[in-house]
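Trainee: Attaching a single structure in structure tokens format; questions to follow.
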Amino acid sequence: MYNFEFERPTSVADAVKALGQEEAQPLAGGQTLIPTLKQRLAMPSKLVSLSGISEMKGITQEGRTLVVGAATVHADVAADGTIAALSDLAGNIGDPAVRNRGTIGGSVANNDPSACYPAAALGLGATIVTDRREIAADDFFTGMFETALDEGEIVTAVKFPQPEAAAYAKFEQPASRFALVGVFVARTGEGVRVAVTGASEGGVFRWREAETALASDFSAGALDGMAPEADDMISDLHGSAAYRAHLVGVMARRAVAAAR
Amino acid sequence: MPQVSMTVNGKPASGEAEGRTLLSQFLRETLGLTGTHVGCDTSQCGACVVHVDGKAVKACTMFALEAEGADVATIEGQAAPDGTLNPIQQAFQDHHGLQCGFCTPGMVMSAAALLKENPKPSEAEIRDYLEGNLCRCTGYHNIVKAIMAASGQDVGALAAE
């Protein structure tokens with residue numbers, strides 16, 4: 001990997017300042033970024049580690065909202081359990097050692113099209129908090145590896161409203177453990193949300209037809225025979241577009257059946 | 001070059017590290033602790049698992065400078081100073097939990113992390129926890145057996161495969 005300067009600030013303000021340098025990049029848990037750097041697919045002049053910022057770590061409850069600091073690792077979200085579906089999802093990312101380093105902020109900021117957390121954020125209608133503003137999940141994920149974040153903007157927390165019932169069902173790509181298809185279903189006071197990861201060329205998306213069907217009948221049977229259009233689905237050696245589209249229907253039914 | 005200081009196996013350790021120096025590289029090349037193995041260098045195989053502040057992590061996917069001030073435990077610190085193996089290591093020997101031995105340091109460190117969280121894991125829990133530790137020799141069965149034995153459980157009930 002190419003060399004870079006390394007800085008480990010202890011406050012969000014200092015991190016933002018450090019990121020002002022040209023070609024500087026934030027480092028969260030590094031479970032995606034470090035392999036990327038090893039392949040020389042990125043060449044930052046400086047990495048600004050977010051691991052020393054205690055104000056970005058930990059989980060708190062504000063009324064019916066769970067606030068997860070962006071530097072909170074997957075293992076801690078898995079152990080929390082306040083929103084069972086979110087903790088189950090976190091506890092099945094990667095493997096135990098990866099879950100001890102990888103963070104929620106790093107995952108949502110990277111917006112890998114096969115990552116699990118974007119499905120939870122979009123499915124629960126989360127709010128992404130940054131050093132300068134709050135962004136609704138519906139506006140945050142803008143495409144494969146793309147988000148609404150500006151250059152040098154840091155995700156500091158993710159706020160999740162408590163759902164009435166929710167579940168995440170993931171069909172794992174067995175080698176990488178990323179989602180070949182993952183579907184997060186949530187029933188909230190404002191309706192039903194269905195978020196799909198792993199499937200689309202555009203990254204995580206909401207499956208509106210399923211939301212409509214589930215709004216009047218929240219049961220797996222309401223989705224019988226349904227699958228989204230295969231046109232925009234990813235097609236690769238692990239699965240064709242048609243296979244992925246079919247899996248979206250299957251995983252959505254499993255998630256609805258498991259929702260609690 | 002930046003300087004980094006940490007505690008390794010209970011003793012203070014420090015040295016120079018570039019921004020890109022991995023913790024695995026720092027342990028092996030700067031401190032000479034070559035028990036931490038680098039199998040794949042892509043965070044798949046788990047041969048490089050060490051504990052940082054009590055948590056199992058893949059040393060090939062963490063920068064040395066991120067371990068500033070941390071408490072690091074490696075395979076070298078597992079046996080007693082007189083060479084007596086710890087219960088997990090002894091169980092690996094007793095139950096033939098290794099063949100070529102390359103993955104063993106990571107297996108032992110992962111097992112130690114598991115038993116700290118869950119002192120009496122079931123067979124399924126052990127297999128699930130070892131998801132990120134690959135072994136190409138044993139077929140895992142004797143590794144699982146060794147970890148059950150190390151946690152004081154009867155391994156006679158474990159079917160031979």
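Trainee: Taking only the stretch A:224-238 into account, find how many residues are touching a strand residue (DSSP E or B) at 6+ places or on another chain (Cβ under 9 Å) and modelled with pLDDT of 95 or more.
Mentor: 3
Trainee: For the stretch A:1-13, name all the residues that are surrounded by 15 or more Cβ atoms within 10 Å (Cβ to Cβ) and in a helix (DSSP H, G or I).
Mentor: First, pick out the residues of the stretch A:1-13 that are surrounded by 15 or more Cβ atoms within 10 Å (Cβ to Cβ): A:1, A:4-9, A:12.
Hit for the stretch A:1-13 is A:V12, nothing else.
Trainee: How many residues are charged (D, E, K, R) and not in a helix (DSSP H, G or I) when one looks only at the stretch A:180-214? Walk me through it before giving the result.
Mentor: Pass one, the stretch A:180-214, residues charged (D, E, K, R): A:187, A:190, A:193, A:201, A:206, A:208-209, A:211.
Retained after the next criterion (residues that are not in a helix (DSSP H, G or I)): A:187, A:190, A:193, A:201, A:206.
Within the stretch A:180-214, residues that are charged (D, E, K, R) and not in a helix (DSSP H, G or I) number 5.
Yes or no, residue by residue, for (1) of a type in the set (A, V, I, L, M, F, W, C); (2) open to solvent by less than 20 Å² (accessible area, probe 1.4 Å):
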| site | (1), (2) |
| --- | --- |
| B:D53 | no, no |
| B:V57 | yes, yes |
| B:A67 | yes, yes |
| B:A73 | yes, no |
| B:A79 | yes, no |
| B:D82 | no, no |
| B:I88 | yes, yes |
| B:F92 | yes, yes |
| B:C100 | yes, no |
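Rundown of residues vs (1) of a type in the set (D, E, K, R); (2) in a helix (DSSP H, G or I), yes/no style:
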| residue | (1), (2) |
| --- | --- |
| A:E22 | yes, no |
| A:I34 | no, yes |
| A:L37 | no, yes |
| A:A42 | no, no |
| A:T60 | no, no |
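Trainee: Working carefully through the options B:P105, B:P119, find the one that is in a loop (DSSP other than H, G, I, E, B) and either in the same structural domain as B:T7 (by TED's automatic domain parsing) or open to solvent by 10 Å² or more (accessible area, probe 1.4 Å) (or both). Break it down into steps so the answer makes sense when it comes.
Mentor: Details: B:P105 fails: in a loop (DSSP other than H, G, I, E, B).
The conditions single out B:P119.
Trainee: Among (1) hydroxyl-bearing (S, T, Y); (2) in contact (Cβ under 8 Å) with a residue 60 or more places away in the chain; (3) open to solvent by 20 Å² or more (accessible area, probe 1.4 Å), which single condition is B:T138 missing?
Mentor: Condition not satisfied by B:T138: (2).
Trainee: Now, a different point. Which numbered condition in (1) open to solvent by less than 30 Å² (accessible area, probe 1.4 Å); (2) in contact with a helix residue (DSSP H, G or I) (Cβ under 7 Å, 6 or more places away or on another chain) is the only one that B:H96 fails?
Mentor: The number of the failed condition is (1).
Trainee: I've got another one for you. Pick from B:E29, B:E66: which is outside the structural domain of B:A146 (by TED's automatic domain parsing), in a helix (DSSP H, G or I) and without any contact (Cβ under 8 Å) to a residue 12 or more places away in the chain?
Mentor: Values: B:E66 fails: without any contact (Cβ under 8 Å) to a residue 12 or more places away in the chain.
Selected residue: B:E29, the only one of B:E29, B:E66 that is outside the structural domain of B:A146 (by TED's automatic domain parsing), in a helix (DSSP H, G or I) and without any contact (Cβ under 8 Å) to a residue 12 or more places away in the chain.
Trainee: Does B:A157 satisfy the criteria of being more than 21 Å from A:G91 (Cβ to Cβ) and not in a helix (DSSP H, G or I)?
Mentor: Working: more than 21 Å from A:G91 (Cβ to Cβ): yes; not in a helix (DSSP H, G or I): yes.
It is true that B:A157 is more than 21 Å from A:G91 (Cβ to Cβ) and not in a helix (DSSP H, G or I).
Trainee: Based on this model, can you work out whether A:V192 counts as under 20 Å from the mean Cα position of the chain (by Cα), aliphatic (A, V, I, L, M) and under 28 Å from A:T32 (Cα atoms)? Don't jump to the end; show me each part of the working.
Mentor: Values: under 20 Å from the mean Cα position of the chain (by Cα): yes; aliphatic (A, V, I, L, M): yes; under 28 Å from A:T32 (Cα atoms): no.
So A:V192 does not fit the description; no.
Trainee: Among the residues of the stretch A:130-160, what is the count of those that are part of a strand (DSSP E or B), buried (at least 17 other Cβ atoms within 10 Å of the Cβ) and without any contact (Cβ under 8 Å) to a residue 60 or more places away in the chain? Spell out how you get there, then give the answer.
Mentor: Step one: list which residues in the stretch A:130-160 are part of a strand (DSSP E or B), which gives A:130, A:134-136, A:141-143, A:146-147, A:155-160.
Add one more test, that the residue is buried (at least 17 other Cβ atoms within 10 Å of the Cβ), and what stays is A:130, A:135, A:141, A:147, A:155-160.
After this cut, where a residue has to be without any contact (Cβ under 8 Å) to a residue 60 or more places away in the chain as well, the list is A:130, A:135, A:147.
Going through the stretch A:130-160 one residue at a time, the tally reaches 3.
Trainee: While we're looking at this one, here's another question. May I ask you to say which residue of A:S176, A:S114 is surrounded by 19 or more Cβ atoms within 10 Å (Cβ to Cβ) and out of contact with any helix residue (DSSP H, G or I) (no Cβ under 7 Å at 6 or more places or on another chain)? Don't jump to the end; show me each part of the working.
Mentor: On the way: A:S176 fails: surrounded by 19 or more Cβ atoms within 10 Å (Cβ to Cβ).
Just one listed residue meets the conditions, A:S114.
Trainee: Ok, one more. Inspect the stretch A:14-24 for any residue being closer than 23 Å to B:G69 by Cβ, facing another protein chain (nearest Cβ under 9 Å) and surrounded by 15 or more Cβ atoms within 10 Å (Cβ to Cβ) and give the result as yes or no.
Mentor: Checked against the condition, which is being closer than 23 Å to B:G69 by Cβ, facing another protein chain (nearest Cβ under 9 Å) and surrounded by 15 or more Cβ atoms within 10 Å (Cβ to Cβ), the stretch A:14-24 yields no hits at all.
Trainee: Please verify whether A:P163 is part of a loop (DSSP other than H, G, I, E, B) and in contact with a strand residue (DSSP E or B) (Cβ under 8 Å, 6 or more places away or on another chain), treating the condition exactly as stated.
Mentor: Working: part of a loop (DSSP other than H, G, I, E, B): yes; in contact with a strand residue (DSSP E or B) (Cβ under 8 Å, 6 or more places away or on another chain): yes.
Yes; evaluated as a whole, the condition is true for this residue.
Trainee: Provide a single number: the residues in the stretch B:1-25 that are surrounded by fewer than 20 Cβ atoms within 10 Å (Cβ to Cβ) and either assigned to a strand (DSSP E or B) or touching a residue at least 60 places away in the same chain (Cβ under 8 Å) (or both).
Mentor: 12
The values are calculated or read from the model by the stated rules, or taken from the named source; none is laboratory data. Keep in mind that this is a model prediction, so the values were computed, not measured. Here the Cβ is made from the backbone with ideal geometry for all residues, glycine too, and neighbour counts use every protein chain on show. Surface areas here come from the heavy atoms of the whole protein model, side chains and all, with no ligands, DNA or RNA. Shrake-Rupley method; radii C 1.70, N 1.55, O 1.52, S 1.80 Å.
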